[in-house]
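Worksheet for the structure shown next.
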Amino acid sequence: MHPKRATYERSPYRLELLPVVPAFHRRARKKGRLEKGQLVYYGPMPAYYGIGEVKRVVGEYVAVDFRGTGTFGVHEDVFEPQYLMAIPASTMALL
């Protein structure tokens with residue numbers, strides 16, 4: 001008997017267009033503050049979480065609602081800011 005595997009639909013976004021930015025990279029460490037309502041993605045592997053909206057910033061942590069747009073099907077998670085990359089409005093039209 002095979003274990004049940006989770007299946008997720010393909011993301012509605014073209015996540016392959018987002019550049020991979022590891023958390024230790026200079027670009028991830030030197031950026032502006034993330035704010036509520038801002039669109040972001042998980043820098044080290046964009047396809048894992050997809051594109052999400054910042055819901056809360058609490059101290060040094062950021063809560064993001066991904067609405068299941070990535071392959072992991074995550075709806076909300078909390079990250080340190082160096083793992084998140086802001087998505088400029090001009091890039092959203094391409095995704």
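Readers should treat all values here as calculations from the given coordinates under stated rules, not as data from a laboratory. Keep in mind that this is a model prediction, so the values were computed, not measured. All Cβ positions, even for glycine, are placed from backbone atoms using ideal geometry, and neighbour counts span all protein chains on display.
Using every pair of distinct Cα positions in the chain, the Kirkwood expression returns a hydrodynamic radius of 13.7 angstrom.
When you restrict to C-alpha pairs under 8 Å that are six or more residues apart and normalise by the size of the range 15-87, the relative contact order lands at 31 percent.
How would you classify the range 49-95 from its alpha-carbon gyration tensor, with a ≥ b ≥ c the square roots of the eigenvalues: rounded for a/c under 1.5, else prolate if a/b is greater than b/c, otherwise oblate?
Values: a/c = 2.20, a/b = 1.27, b/c = 1.72.
In terms of gyration-tensor shape, oblate.
Can you put V20, V54 in order of Cβ neighbours within 10 angstrom, beginning with the fewest?
Details: V20 14, V54 20.
Fewest-to-most Cβ neighbours within 10 Å comes out as V20, V54.
Of the residues M45, M92, M85, the one with the fewest other Cβ atoms within 10 Å heads the list, and the complete ranking is M92, M45, M85.
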